[in-house]
């Protein structure tokens, strides 16, 4: 029986993780954490009976306590709650599906406590990769990627020597606006950006996919996960989302991982690694597929990707600014307070405004986040 704790249990990755638990009797949930979705958290607690559960806000905590007073579960609150779950003795693996940079401290705490990490929180490595990866190596724990692209690279490296990597080929669907011009993007609304052609994801990550910021975050994450140089990571637009990513080796050979666009596969692979367990669902039918195509990303129209390479090249605290400025800008766009193209405009402006910290501590990372949020809010006239 493998015991797991899930941060972000009410989000897209979290709920799909629990679907996998539901389908496999050898997985047990010992802790759950979420933001403010009290009703769904109550349902999850009643079904999975964790020993600990946490909500981000005090109000949500009090509400949840009242709802599950008849159950034997300890309700925790805020960052202290996340840290207690991250380090609890019973859990063997922590699924970090929580959104945002609040995932950094619990991830560090879990690594220090000797827990393996099923990583779905991009911000952790994007902003603190220089802290996380050396610590994981020191503690001898595994960072198991849950992103479909990074999982594909991870799977493609099985049995191979990482030092023989020549290039990582990260595939991108191109999002809902693939092929559109800047002129066409000027009038795109929230509803348009949320119509992803292939993947079912949360609202924030779906917007990020449309701007290619999501792919930019994945580029930075891949650099840390697989210990490669930035110029060894190439993004390839692949509209069918069947090849999830590839690795090219120094002899020219390429290994790829293929499958239907289903996040449950990389989640389950991380939970059971190195084993592969049976899983239902649709399979790739190559007769129906007929063809797969590839394109070069348009980094002039979709500046989110170009800015990610720039942020990573500059290094230090700049990737934090890239991530945090995007976080705030996407939030304002979803609230219909800024236009679509202003998302990347504000990211670029925030990066130009920032004075880089060379090797930031967690406190300096969080300070850069706050600075970036404030900058974008002011730039938006709010």
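Computed quantities for the displayed model
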quantity: Some residue of region 70-79 being in a helix (DSSP H, G or I) and either within 20 Å of the chain's Cα centre (by Cα) or surrounded by fewer than 17 Cβ atoms within 10 Å (Cβ to Cβ) (or both); calculated: yes
quantity: Qualifying position, being surrounded by fewer than 17 Cβ atoms within 10 Å (Cβ to Cβ), assigned to a strand (DSSP E or B) and touching a strand residue (DSSP E or B) at 6+ places or on another chain (Cβ under 8 Å), among 257, 234, 248; calculated: 234
quantity: Which numbered condition residue 230 misses (of (1) on the phi > 0 side of the Ramachandran plot; (2) in contact (Cβ under 8 Å) with a residue 40 or more places away in the chain); calculated: (1)
quantity: Residues located in region 121-147, provided they are at pLDDT below 95 and within 24 Å of residue 248 (Cα to Cα); calculated: 122, 147
quantity: Condition broken by residue 105, with the remaining ones in (1) over 23 Å from residue 136 (Cα atoms); (2) surrounded by fewer than 24 Cβ atoms within 10 Å (Cβ to Cβ) satisfied; calculated: (1)
quantity: Any hit, region 319-327, residues being at negative phi and surrounded by fewer than 18 Cβ atoms within 10 Å (Cβ to Cβ); calculated: no
quantity: Enumerated helices (runs of 4 or more DSSP H) restricted to region 276-382, each holding at least 2 residues that are farther than 21 Å from residue 189 by Cβ and without any contact (Cβ under 8 Å) to a residue 12 or more places away in the chain; calculated: 286-289, 362-379
quantity: Residue within region 222-241 that is at pLDDT below 95 and in contact with a helix residue (DSSP H, G or I) (Cβ under 9 Å, 6 or more places away or on another chain) present; calculated: yes
quantity: Subset of region 80-124 [in a helix (DSSP H, G or I), in contact (Cβ under 8 Å) with a residue 40 or more places away in the chain and under 17 Å from the mean Cα position of the chain (by Cα)]; calculated: 101, 102, 103, 104, 105, 106, 108, 122, 123
quantity: Candidates 291, 296, 336, 352, filtered to the one that is surrounded by fewer than 23 Cβ atoms within 10 Å (Cβ to Cβ) and on the phi > 0 side of the Ramachandran plot; calculated: 336
quantity: Any hit, region 52-69, residues being outside any strand (DSSP E or B), in contact (Cβ under 8 Å) with a residue 24 or more places away in the chain and out of contact with any helix residue (DSSP H, G or I) (no Cβ under 8 Å at 6 or more places or on another chain); calculated: no
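Let's see how each residue does on (1) farther than 22 Å from residue 103 by Cα; (2) surrounded by 19 or more Cβ atoms within 10 Å (Cβ to Cβ):
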site	(1), (2)
137	no, no
147	no, yes
171	yes, yes
174	yes, yes
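The values are calculated or read from the model by the stated rules, or taken from the named source; none is laboratory data. Values in this document were obtained by computation on a predicted structure and should not be read as measured data. All Cβ positions, even for glycine, are placed from backbone atoms using ideal geometry, and neighbour counts span all protein chains on display.
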